[in-house]
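Visitor: I am attaching a structure below and will ask some questions about it afterwards.
The values are calculated or read from the model by the stated rules, or taken from the named source; none is laboratory data. Worth saying up front: this structure is predicted, and the values here are computed from it rather than measured. Every residue, glycine among them, receives a Cβ derived from its backbone with ideal geometry; neighbour counts consider all protein chains shown. In case anyone asks, the SASA skips ligands and DNA or RNA and just uses the protein heavy atoms, side chains included. Shrake-Rupley method; radii C 1.70, N 1.55, O 1.52, S 1.80 Å.
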Amino acid sequence: MANRVFNFNPGPAALPLPVLAEAQRDLLAYDGTGMSIMEMSHRSAPFQAINAETEALTKELLGLNDDYRVLFLQGGASTQFAMVPLNFLGRDQTADYLITGSFSEKAHKEAQLIGKTHIAADTTTTGHNRIPPTDEINFSPNPAYIHLTSNNTICGTQWHEFPTDGDIPLVADMSSDILSRPFAVNKFALIYAGAQKNLGPAGVTVVIIRQDLLEKASTNLPSMLRYDIHAKNDSLYNTPPCFAIYMVNLVLKWVKNQGGLPAIARHNAEKAALIYEVIDNSGGFYRGHAVPDSRSLMNITFRLPGEDLEKAFVREATAAGLVGLKGHRSVGGLRASIYNAMSREGCVALAGFMREFQQKNG
Ligand SMILES: *Cc1c(COP(=O)(O)O)cnc(C)c1O
């Protein structure tokens, strides 16, 4: 395969090579139809079959029962920041937010425009380098829902156990770690994820919603912002992002082929350990941003002893075929995003590069 690099981009991110190859094979004529998925009606039988199968595969891989619906929407995770409160934050209610990074801050900001919110925990004062322990979380009495970000893409932390509060609906932005590990899906009333990290290309947002919450969704909104309308129409209320949904379908089949979430999770833990090991054994040359028990297995964030060294690191890594390692502009440093599609081989290569770079510059 010509000229493929090890792609550590945070999103849009690497896709599995077999998925790209299959999309390439089908690009001009999908399954005997004589046309591309991009050229056919979203109401055609072939596309309807893809749409239905993609919902079924999502449910199968996540172990969701028929209490849940899976929707394919547009507008990215950022539109969900607003859609969640628009649909579920009633006039006399409060929504609780767990602030663990810049995306949860953004989600909270949108909710503040719509209704009353309460910050149940906030890790700003330590630079979002950790997940708050249970005794730091203070829920309000009877909130409309609790919102959290399961994996903090920019700072590199991840919830390893989810907080709950009785029967209060738990809502999660899982954009950067959905399908990376098994988790207790039944704890959640709503999960959303922009596809471009772990699910496919940009352009589609997967929303998983429990029936009992769906029934409470506001009907006093423009149609495109109503979960109930999208659900009633099987995500085909208007033209959906057909090609992106097709790509998600292929990625889900790839995950299934890898052995599903348990196998993917083992693989992801091994990959992350290869890089964290180098950080932990570097005698302080590499400094991980996240405290060890809050570390993300998807986004590994670290610093070097100076910004010039960080720049040299990015430059030399790129020359060695390891791309996308620059940290987010808001925090600096370095970040290796190692979603499902990043191979073990890529992590071995990065770990080797890091050791060599330290030998030369440490
Ligand atoms: C990337 C990301 C977003 C933003 O998603 P868009 O699809 O660009 O709106 C939101 N939340 C998390 C956790 C992300 O990683």
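Visitor: Apply 1/(1 + (r/R0)^6) to the Cβ-Cβ distance of E53 and V348, taking R0 = 35 Å, and write down the FRET efficiency to the nearest 0.05.
Guide: For R0 = 35 Å, the calculated efficiency reads 0.50.
Visitor: Taking GluC sites (Glu not before Pro) that fall in a DSSP loop and have at most 15 other Cβ atoms within 10 Å as cut points, what is the longest piece of the chain between them? Write down the numbers at each step before the final one.
Guide: On the way: sites that count: E161, E215.
Excluding the exposed sites themselves, the longest stretch runs over 1-160.
Visitor: Checking the a/c ratio against 1.5 first, then a/b against b/c, what shape does the Cα gyration tensor give for the chain?
Guide: The shape class here is oblate.
Visitor: When the accessible area of the stretch 2-79 is computed with all protein chains present and a 1.4 Å probe, what percentage of it is carbon and sulfur?
Guide: Ligands and nucleic acids excluded, carbon and sulfur reach 52 percent.
Visitor: So, in nm, how far is label D167 from label R287 when the simple model puts each one 7 Å beyond its Cα toward the Cβ?
Guide: Placing both labels 7 Å beyond Cα along the Cβ direction yields 4.9 nm.
Visitor: By how many nm would the segment from D31 to N142 grow when fully extended, if each residue of separation counts as 0.36 nm and the alpha-carbon distance is taken off?
Guide: 34.8 nm
Visitor: While we're looking at this one, here's another question. Return the carbon/sulfur percentage of the accessible area of the stretch 259-361, one whole number, probe 1.4 Å, all protein chains in place.
Guide: Carbon with sulfur: 51 percent of the solvent-accessible area.
Visitor: Mind listing which trypsin sites (Lys or Arg not before Pro) in the stretch 176-218 are in a DSSP loop and have 11 or fewer other Cβ atoms within 10 Å?
Guide: Working: sites: K187, K197, R210, K216; in loops: K197, K216.
Hits after loop and neighbour filter: nothing returned.
Visitor: Say each of K187 and H328 gets a label point 7 Å from the Cα, pointing the same way as Cα to Cβ; how far apart are those two points in nm?
Guide: 2.2 nm
Visitor: Relative contact order for the chain: what percent, with Cα pairs under 8 Å and sequence separation of 6 or more?
Guide: Over the chain, the number comes to 22 percent.
Visitor: Sorted by accessible area (1.4 Å probe), largest first, how do V291, V19, V5 line up?
Guide: V5, V291, V19
Visitor: Between H160 and N65, what is 0.36 nm times their sequence separation minus the Cα-Cα distance? Round to one decimal in nm. Provide the component values of the computation, followed by the final result.
Guide: Working: separation 95, 0.36 × 95 = 34.20 nm, distance 2.27 nm.
Net length gain for the segment: 31.9 nm.
Visitor: Testing the spin-label approximation: label points 7 Å from Cα along Cα→Cβ at T239 and M40. State their distance in nm.
Guide: A separation of 1.7 nm, rounded to one decimal place.
Visitor: Something else about it: How large is the accessible surface of L334 in square angstrom, using a 1.4 angstrom probe and rounding to the nearest 10?
Guide: Counting only protein heavy atoms, the figure is 0 Å².
Visitor: Here's another thing I want to ask about it. Calculate, for the chain, the solvent-accessible area per residue in square angstrom, rolling a 1.4 angstrom probe over the heavy atoms of the protein chains.
Guide: 44 Å²
Visitor: Find how much the distance from K311 to T134 grows on full extension, using 0.36 nm per residue of separation minus their present alpha carbon separation; answer in nm with one decimal. Please report the intermediate quantities before stating the final value.
Guide: Numbers: separation 177, 0.36 × 177 = 63.72 nm, distance 3.80 nm.
Difference between extended and current length: 59.9 nm.
Visitor: Same structure, new question: Taking Cα pairs under 8 Å and at least six residues apart, what relative contact order does the stretch 259-361 come out at, in percent?
Guide: Dividing the mean separation by the residue count of the stretch 259-361 yields 31 percent.
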